[in-house]
Every structure is written in structure tokens, then in C-alpha cells.
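Accompanying notes for the structure given below.
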Amino acid sequence: MGDCKHVAENKTKDAWIMKTTLLITLGALVSITASARTLAIAELGAKPDGTTDNTAVLQKAIDTCAAEGGGTVLVAGGTFMTYTLYPKSNVRIQIEAGATLKGGPDPLKYPEFEPSPFWKSERALRFNRRAMFYAVNQRNIAITGKGTIDGSSELFHHEVSPGNWKRNHDQQITGRNILFVGCKDVELSDILIYHPSGWSMWILDCDRVQIHKIKVETHRLFPNGDGIHLGSCRDVTVSDCIIDSEDDALILRAYQEVLNEPKALERVVIANCILRSSRACAVRVGWTGDYEIRDCSLSNIIVPYARLGIQMWLPSWHPVQPDPVRGPLGPPPPPEASLKPFAIENLRFSNFTLVSPNESIRIEFPADAKVSRVKDLYFSDMKITAGAYPFIAVKPSDHVSDIHFSNVEFFLKRDASFEAKRFPEISWFRNVKNATFDRVRFVDETQDQPALTTP
């Protein structure tokens, strides 16, 4: 009987402990929720006239929320001009419908990145060390809402001849609207990124990234207008996005030169997107000097137009001016021998509709490329209309194997925009070990076709 009483007392005690612990936990959560303030920048003195510099007000709101453990910075009710902003951990920047954060006109008011232990900022591509939003080593950061981030690219370009535009300067320009490096738990959703002065975003060496319902509208004549650029990240989802880019629409890379150590791009899921590229690729996978790209899935993708389709291509390494040509403005690149070889493994492309005046799929590595393997590439349930069939140019030493096509239709249509010089006489799948074809159809419709133009 005594034992039964003892057991009952213990159960009562355990129940009390669990109840008390739950109340304490709920109290803490309520306290955190209560302290997560929303700061409306219009109430803090920001002016939505499109010309007043609101950088200090915006940054103070971000810093205040971060200091209090988290919160939301609310942008609503007009166009707020700003220069570089630094998102902080546990802070959400909410840009409401009808509101715009517009980049300012003075390129020198976007501070150049400070040296960082998290990446080699001095080796930023084109030696451009400026951005509209710049975060390094932050956690739980978000930019959301149905508003707009306007990069003001028209302020930093000039027309050198009819239809031919050029940057005023490679370094005195906001090279990316959004640059996050070494961050964790990142959310970008719903916003419109309009006319970035270069890339709409560069997400580098980040973990657990969600990009959802983003719209990108680059100026179709201004150079280097990339869409979503993912480099050396892990556990990324991109969904329901609409990208209209001048340069590559979607980029998957694994950097070595700008990071302290090689890091793979891996575990990336991209779905339900529309991609356009007026001058480059719908999807680019890899570039010279990259490391490993693996375990990525791209599905339910429509490409109404892209000058080039899906590209896995490495240009030749340049000993002085690597990717891309940048001029003598920074430290020399690392010797090629010090870089680990490039690799692609387990990439799946499914349910694509793609239109391109040139090649639909290109896999090519130059003689000097260091490639350890390219294997397990799957292309399924695709309808491709293009000026050329897939272009495969690899060496036995590239170790290319296991390329699979299933339920894919290729419609060949050539017009005046077809770049014939790009396509030497080749043999399909030479030096590829184990290529399989299941329900693959080729239809030549090259005669008397109207030009394929960007819709």
C-alpha cells in the first residue's frame, strides 16, 4: 500500500513539474513574442518621397529590433530611397504592397565590404564590393512582403550605341541587390526585385534558405543582370518564382576562389518557376574554378525564351583574369593547381518546357578543365524547342557517366538568331559511359520558321 502511495505521490509530483515547466516555457514564448516589436519606418521619420536618404532611419530600426531579440521593420506607404542596409539576426524586413525601397543615385554611398573572416570579400566577382542589402553570419533573417526592391540600374548605365548599353563603372555600382554570406535560416518571399544593377541576389555559403514567390525583372539591355544566384549553399528551396533576366536566370555554383575553403552546393530543390533570359542561360550549372554540385532537383519549370537552355560549361582558366575578366584591381587569383576539381552528381530535371534559338542542353569542358566526375544526370518529361540538339563535348578524363533521358521531345527550329559558329561537327555522347534513352523523340522543323523572340 505504501508503495502505491509513493507511486501516486511521484506521479503527482511529475505532473506538477511538467505543468510548471510548460507554463514557464509558454511564458517565455509569450515574453519573446511580446518583445518582438514591429517598427514602422514612416513613424520613425522616414520620408516616402523617393529622394530623401532614409538609410539611417532604416538601419536604426533594424538594429533596434536586433538588440531587443527580434522584430519586424515595416516599410509601407510609398517609395523610400536608401543606400546599403545590413539585415541582422531575428529581424524581418516587411515591404508592404505599394511600398518600394529604392537604391540611391550616388554609387560611393554604398560602402565597400569590410574584410571578413567568413569569405574573401576582396575577391568578390568583378571586384565589386557593394550591395543594397548585405548580411554576413546572421541567423533567422527575412525580407518579405508584396512590395518592391528597386536597384535603380538606369542610374548606373549608359548607351554607347543604339541598343548597346554599358555600365558606367564595374566597381562604383551596386553589383547585387541582395548579398547574404554565411547566414542560416534565410527567407525571401513575395517581393519584386526590380532593375537590379547587376545580380538580383547572391546567396553564398548559406544554410537552410527558402526563396518563395519572388519576382525578378532585370533591364533586358543592361549587362550582367542575373536572377537567382546560389553559391556553395546547403538545404535550399526555390519555389513559385518568376525570373525575367538579361543574364543567367538561375545559377548553381560551388565557389572556391571567394571562400576560405571549397564548399559544395548541395540539397537544392527548385520547383514551379518561370525563367526567361534575353541574352544567356535559363539554368547555369557550374563555372571555371568551381567545386562540387550535387543532389539538386529542378521540376515544373517553364522557359518561354532563353538564348541558351541548360548549360554545364566551364570556360578555359585564365592565369591572370579568371571568372570573369576583371582587370588589375585586386590580388591575383589562386593558382589553378591549388583548386580542387569540379564535379556534378545527381541532378534531376523534370517536367520542363523550354524554348531557345540555340542549344537546349550543353555539357562541355575545355582541355584544361579539372573535372573529377559528372554522373547521374536525369532529364525527364520535357518538351524542348531549340535551334540545336543537346551539345555534349567531354573527354574520357572528365569521367562523365550515367546520363538518362526519359519521355523527352526535341523539336529542332532554326531561324536567323541561330548562332551556327557555336556548333562544330560533333558525335553525340562520345566519351559518355552509360547513356540511356527511354521514349525520346527528335523532330526537325527547321524550315520557314519565324524568329524565336523573347516574349
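A few remarks follow.
- Close contacts from the range 46-72, counting a first residue that is over 16 Å from ARG92 (Cβ atoms) and a second that is among the aromatic types (Phe, Trp, Tyr), with Cβ to Cβ under 6 Å and a gap of 6+ residues or different chains, come to ALA46/PHE80; PRO48/PHE80; ASN54/PHE80; THR55/TYR83.
- Residue among SER417, SER360, SER427, SER406 that alone is small (Gly, Ala, Ser), more than 20 Å from VAL285 (Cα to Cα), touching a strand residue (DSSP E or B) at 6+ places or on another chain (Cβ under 6 Å) and at pLDDT below 95: SER417
- Total residues in the range 168-209, condition under 14 Å from the mean Cα position of the chain (by Cα), in a strand (DSSP E or B) and at negative phi: 19
- Filter result (of a type in the set (A, V, I, L, M, F, W, C), outside any loop (DSSP other than H, G, I, E, B) and touching a helix residue (DSSP H, G or I) at 6+ places or on another chain (Cβ under 9 Å)) within the range 62-100: VAL73, LEU74, VAL75, PHE80, MET81, LEU85, VAL91, ILE93
- The condition of being touching a residue at least 12 places away in the same chain (Cβ under 8 Å), more than 21 Å from VAL285 (Cβ to Cβ) and surrounded by fewer than 24 Cβ atoms within 10 Å (Cβ to Cβ) holds for only one of LEU188, LEU192, that being LEU192.
- Taking the range 210-307 and the strands (runs of 3 or more DSSP E) fully enclosed by it, the elements with 2 or more residues that are under 30 Å from SER338 (Cα atoms) are at 228-231, 234-239, 250-253, 265-285.
- So ILE93, is it over 17 Å from GLY198 (Cβ atoms) and β-branched (Val, Ile, Thr): yes
- Members of the range 351-372 found to be surrounded by fewer than 18 Cβ atoms within 10 Å (Cβ to Cβ) and either among the charged types (D, E, K, R) or assigned to a strand (DSSP E or B) (or both), listed by number: ASN351, THR353, GLU364, ASP368, SER372
- Within the set GLY98, GLY77, the sole residue that is surrounded by fewer than 16 Cβ atoms within 10 Å (Cβ to Cβ), in contact with a Pro (Cβ under 7 Å, 6 or more places away or on another chain) and on the phi > 0 side of the Ramachandran plot turns out to be GLY77.
- Any hit, the range 244-254, residues being more than 14 Å from the chain's Cα centre (by Cα), more than 21 Å from GLN138 (Cβ to Cβ) and touching a residue at least 24 places away in the same chain (Cβ under 8 Å): yes
- Test: residue in the range 99-107 that is more than 21 Å from THR79 (Cβ to Cβ) and free of Cβ contacts under 8 Å to residues at least 40 places away in the same chain: no
The values are calculated or read from the model by the stated rules, or taken from the named source; none is laboratory data. Quick caveat, the model's predicted, so the values are computed rather than measured. Neighbour counts are summed over all protein chains in view; Cβ atoms, including those assigned to glycine, are modelled from backbone coordinates with ideal geometry.
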